[in-house]
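A quick write-up on the structure given underneath.
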Amino acid sequence: GKWREAKPPPPPPFPSPPPPRLSPLSPNPPRSPNPPQQPHLSPRALVCKRAPDCTSECGVLPSDFTSIIELPAFVDRCFSCAKLYINAPDWCDFRYDGFLFDGCCMSLPCQCHRQRFRPPPPPHAPPP
């Protein structure tokens, strides 16, 4: 049996895949200019300024409305709430249909920026 010592032939090399072609007809997926970012850092790292129309601070629920409307708290949003003596309009984000009055709350984005925890740069030495 010399035939047992014969090695099998090496496998043929795999053909390399063709380079991906970008067809000019494929539409690019629409990109929102500001993707929503969940703040993973501590809330202190996110500095938010409430929108001018807001009746509550960012991340703070308006206490006089939380008893009648279930509102979610977001660090980067504030609420503009009003009591209405008419039916709350459909464009309210959160509505309360009451007997004496209706409640309407809009959830508005705050202007947020992250605080960078970096030491300030050293002052430049004056030229000699």
Of the listed residues (Asp64, Asp90, Asp53), the one being of a type outside the set (Phe, Trp, Tyr), in a helix (DSSP H, G or I) and out of contact with any His (no Cβ under 8 Å at 6 or more places or on another chain) is Asp64
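State all residues of the range 100-126 that are at pLDDT 90 or above and assigned to a loop (DSSP other than H, G, I, E, B); if no residue qualifies, say none.
Going through the range 100-126, the residues at pLDDT 90 or above turn out to be 100-111.
Leu100, Phe101, Cys110 - these are the residues of the range 100-126 that are at pLDDT 90 or above and assigned to a loop (DSSP other than H, G, I, E, B).
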Taking Cys54 as meeting all but one of (1) modelled with pLDDT of 90 or more; (2) in contact with a Gly (Cβ under 9 Å, 6 or more places away or on another chain), write down the number of the exception.
(2)
Single condition Pro39 does not satisfy, out of (1) open to solvent by 50 Å² or more (accessible area, probe 1.4 Å); (2) modelled with pLDDT under 70:
(1)
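This table checks each residue for (1) loosely packed, with under 10 Cβ neighbours inside 10 Å; (2) touching a residue at least 60 places away in the same chain (Cβ under 8 Å); (3) closer than 17 Å to Cys112 by Cα; (4) out of contact with any Asp or Glu (no Cβ under 6 Å at 6 or more places or on another chain).
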{"residue": "Ala51", "(1), (2), (3), (4)": "no, yes, yes, yes"}
{"residue": "Gly59", "(1), (2), (3), (4)": "no, no, yes, yes"}
{"residue": "Asp64", "(1), (2), (3), (4)": "no, no, no, yes"}
{"residue": "Ile69", "(1), (2), (3), (4)": "no, no, no, yes"}
{"residue": "Asp76", "(1), (2), (3), (4)": "no, no, yes, yes"}
{"residue": "Phe79", "(1), (2), (3), (4)": "no, no, yes, yes"}
{"residue": "Ile86", "(1), (2), (3), (4)": "yes, no, no, yes"}
{"residue": "Pro89", "(1), (2), (3), (4)": "no, no, no, yes"}
{"residue": "Cys92", "(1), (2), (3), (4)": "no, no, no, yes"}
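The values are calculated or read from the model by the stated rules, or taken from the named source; none is laboratory data. Note that this is a predicted model, so its numbers are computed, not measured. When we count neighbours, we look across all protein chains shown, and the Cβ atoms used for this are built from the backbone with ideal geometry, even at glycine. Surface accessibility is based on the protein's heavy atoms, side chains included, excluding ligands, DNA and RNA. Shrake-Rupley method; radii C 1.70, N 1.55, O 1.52, S 1.80 Å.
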